[in-house]
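To keep things clear, I will list the structure first and then write my remarks on it.
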């Protein structure tokens, strides 16, 4: 369910990027707004990329193995599936403990994203966890549970609920991608 | 089998991954016990209805260009106007109103960090509001889908 991308510092090396090879960049531009619903979308993609179907599938598998593609899937719009409430829970935890605590929150099934972000003047929270539910009560319960898990390790916390989605689109890298990307209008991050 | 139950099983089973083989919808049809045309019909219907946002790769945005989560504390009477100003950038792909002093939250993506800095400066100049700039430092979890069948 979750992808963990916090490699230990000693083993760290820059992961392969999508914007450094023309082929990967072209793949992003062609597919970021979704594949056409054809019987063989990979054959369509192969033709667009000027590759064989086999090489195209190999490229997709390699990028996925390297982590540059998270998944290749039917991507649901959770808002339309009834998950209309989302809360961005934010926590102030000791920097020394954040790896352990981030992994702990990230392992909860109701957390979709869990990130460390910098503190700023007037903004003390360094750990973010997004929770989703079908009611306000449900996400309040999730927040309570995260609070319980952190216990004394957390010195301040808040939950920012969304009152309106003003814009939501997929990843867009270039003007070509911007044209391709569809605005879905109502979805939950 | 009703179309709705097919749709639900299709999403539950394939939101994490499609078969990476020639004619993937044929393979999905076999797994779901229906025919390829029904799978394509169902996908089309779900996309038109907005239940599926797309079928295809989900890219790791940290591997392409630069991105950050930004927020503005906007006086309530200016929220609509400032939100529209923010949303007009093609670099903004999420823009949410949230209940907090920082009441406008958006994700900025661009080819590099300098590009984002320019937009943040432009926004600060145009709105007179100082954006909070919170780039991701470490990911402990990235959404790979929900378990629909087991969620109450």
- Can you list the helices (runs of 4 or more DSSP H) found entirely within segment B:1-115 that contain at least 1 residues being free of Cβ contacts under 8 Å to residues at least 60 places away in the same chain, more than 7 Å from chain A (Cβ to nearest Cβ) and within 26 Å of residue A:27 (Cα to Cα)? B:3-14, B:24-32, B:36-49
- Message: If I go through segment A:99-122 residue by residue, how many of them are surrounded by 17 or more Cβ atoms within 10 Å (Cβ to Cβ) and at the interface with chain B (Cβ under 8 Å from one of its Cβ atoms)?
- Response: 10
- Note on the structure: Sole miss for residue A:112 among (1) outside any loop (DSSP other than H, G, I, E, B); (2) within 23 Å of residue A:134 (Cα to Cα); (3) not assigned by TED's automatic domain parsing to the domain that holds residue A:149 is condition (3)
- Hey, does segment B:124-136 have a residue that's assigned to a loop (DSSP other than H, G, I, E, B), within 30 Å of residue A:72 (Cα to Cα) and modelled with pLDDT of 90 or more? yes
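Please enumerate the residues belonging to segment A:68-97 that are farther than 30 Å from residue A:23 by Cα, assigned to a loop (DSSP other than H, G, I, E, B) and either modelled with pLDDT under 90 or within 12 Å of chain B (Cβ to nearest Cβ) (or both). Give the derivation first.
Of segment A:68-97, the ones farther than 30 Å from residue A:23 by Cα are A:78-97.
Narrowing further to those that are assigned to a loop (DSSP other than H, G, I, E, B): A:78-84, A:94.
Matches in segment A:68-97: A:78, A:79, A:80, A:81, A:82, A:83, A:84.
Residue-by-condition table, conditions (1) touching a strand residue (DSSP E or B) at 6+ places or on another chain (Cβ under 9 Å); (2) modelled with pLDDT of 95 or more; (3) on the phi < 0 side of the Ramachandran plot:
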position	(1), (2), (3)
B:38	no, yes, yes
B:49	no, no, yes
B:58	yes, no, yes
B:70	yes, yes, yes
B:82	yes, yes, yes
B:102	yes, yes, yes
B:107	yes, no, yes
- For residue A:93: the one exception among (1) under 21 Å from residue A:161 (Cα atoms); (2) surrounded by 16 or more Cβ atoms within 10 Å (Cβ to Cβ); (3) out of contact with any helix residue (DSSP H, G or I) (no Cβ under 8 Å at 6 or more places or on another chain): (3)
- Item | Where residue A:148 falls short, out of the listed (1) touching a helix residue (DSSP H, G or I) at 6+ places or on another chain (Cβ under 7 Å); (2) modelled with pLDDT of 70 or more; (3) more than 8 Å from chain B (Cβ to nearest Cβ) | (1)
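The values are calculated or read from the model by the stated rules, or taken from the named source; none is laboratory data. Predicted, not measured: the structure shown is a model, and the values here were computed from it. Positions of Cβ are generated from backbone atoms using ideal geometry, with glycine treated the same way; all protein chains shown enter the neighbour counts.
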